[in-house]
Amino acid sequence: MYLVHIPLTALGPGAELPAELAALLLSGTAPPKELEHISVHRHGHAGPVVGLYLVAPTLEHAEAEAAAFVRRALDELPALPALPALRGWTAGQAAAPLVAALYERLIASPTGPGRFGPGPLPST
């Protein structure tokens, strides 16, 4: 299973994604057969991002399916009268997130261990 992130960008300032975007994406267009779960982070660290979990034979296949699905949904959904909030949003490049970013933040954290490896051993 692969987790693929697709960043979303608004064409105009102040645009807000609907809170129920994950459900809208699934209901508005046919999801890929590989899709297991979808999650939307409307206020992600680097901006809004859609996370898709896909069971696929390769990472490249998962990224291609995820990108095609989100782009198709962003093309189709804004045409519905009830979804004007999606007009002007575009999908960025699909990519698998690296776990290393989490560890980099932990190392840089003043409350984290400050080094690679576990914190103090419980027995010491």
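Here are a few things to note about the model shown:
- Among residues of segment 50-71, those that are in contact (Cβ under 8 Å) with a residue 24 or more places away in the chain, closer than 13 Å to Ala91 by Cβ and surrounded by fewer than 19 Cβ atoms within 10 Å (Cβ to Cβ), counted: 4
- Subset of segment 1-49 [among the small types (Gly, Ala, Ser), surrounded by 15 or more Cβ atoms within 10 Å (Cβ to Cβ) and not in a loop (DSSP other than H, G, I, E, B)]: Ala10, Ala22, Gly28
- Test: residue in segment 84-91 that is part of a helix (DSSP H, G or I), modelled with pLDDT under 80 and either touching a helix residue (DSSP H, G or I) at 6+ places or on another chain (Cβ under 6 Å) or hydrophobic (A, V, I, L, M, F, W, C) (or both): yes
- Meets criteria (part of a helix (DSSP H, G or I) and either at pLDDT 90 or above or over 18 Å from Pro7 (Cα atoms) (or both)) for His61: yes
The values are calculated or read from the model by the stated rules, or taken from the named source; none is laboratory data. Just so it is clear, the structure is predicted and the values come from calculations on it, not from any experiment. Note: ideal-geometry Cβ built from the backbone for every residue, glycine included; neighbour counts use all protein chains shown.
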